[in-house]
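Values quoted throughout were computed directly from the atomic coordinates according to the rules given, and no laboratory measurement underlies them. Quantities reported herein were computed from a predicted structural model and do not represent experimental measurements. Positions of Cβ are backbone-derived with ideal geometry, glycine not excepted, and every protein chain shown enters the neighbour counts.
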Amino acid sequence: MTQYLLSIYQPDGDPPPPEVLEPIMRNVNALQQEMKAAGVWVFAGGLHAASTATVVRLQKDEILTTDGPYVEGKEHLGGFTIIKAPDLDSALEWARKCARAITLPIEVRPFQEGHH
């Protein structure tokens, strides 16, 4: 089984109002339960806004620390789920379910073998 990262990209700005967010979160929780029951769920997490990020980088033998996201953009990684699946088609089916539940784009990437 290969592990896949399902990355959830969300637009910058305030979260949706509770009447929009609550049904989405119910769908997300139901999907996580479905993933656990199917034995594919490994780990999931939501992230604070990109504005809370700190970037640490090496530049000319010095370590620099800067506030804010590494990449400026109109949307950022908002959360993720790690699953284990037999193949990409199976991982994509879980990503489709995730996109339906969350109503945001999902990027699917396999982990390199032997690095997890």
* To do: Consider a paramagnetic label point 7 Å from the Cα of residue 9 along Cα→Cβ; state which residues of region 86-116 have an amide N under 11 Å from it.
  => 105-108
* To do: Please count, across the chain, the pairs of lysine residues with Cα atoms under 25 Å apart that sit 8 or more places apart or on different chains.
  => 4
* To do: Give the long-range amide H neighbours of residue 12: residues separated by 5 or more places, or on another chain, with amide H under 5 Å away, using H modelled in the peptide plane at 1.01 Å from N.
  => 75, 76
* Within region 1-98, GluC sites (Glu not before Pro) in DSSP loop having at most 13 other beta-carbon neighbours inside 10 Å -> 72
* Using the beta-carbon distance between residue 87 and residue 57 and R0 = 35 Å, what value does 1/(1 + (r/R0)^6) give for FRET efficiency, to the nearest 0.05? -> 0.45
* Structure fact -> Rounded to 0.05, the calculated FRET efficiency for the beta carbons of residue 74 and residue 36 at R₀ = 30 Å is 0.35
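Which ordering of 92, 6 is given by a fewest-first count of other beta-carbon atoms within 10 Å? Intermediate values should be presented prior to the final figure.
Numbers: 92 15, 6 23.
Neighbour counts put them in this order, fewest first: 92, 6.
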* To do: Quickly rank 83-90, 50-57, 101-108 as a protection proxy: mean count of other C-beta atoms within 10 Å, highest first.
  => 101-108, 83-90, 50-57
* Structure fact -> Proxy exposure order for 70, 4 (fewest C-beta within 10 Å first) is 70, 4
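Counting other beta carbons within 10 Å of each residue's own, what order do 97, 36 fall into, fewest first? Could the numbers behind the result be given before it?
Numbers: 97 17, 36 11.
Ordered by Cβ neighbours within 10 Å, fewest first: 36, 97.
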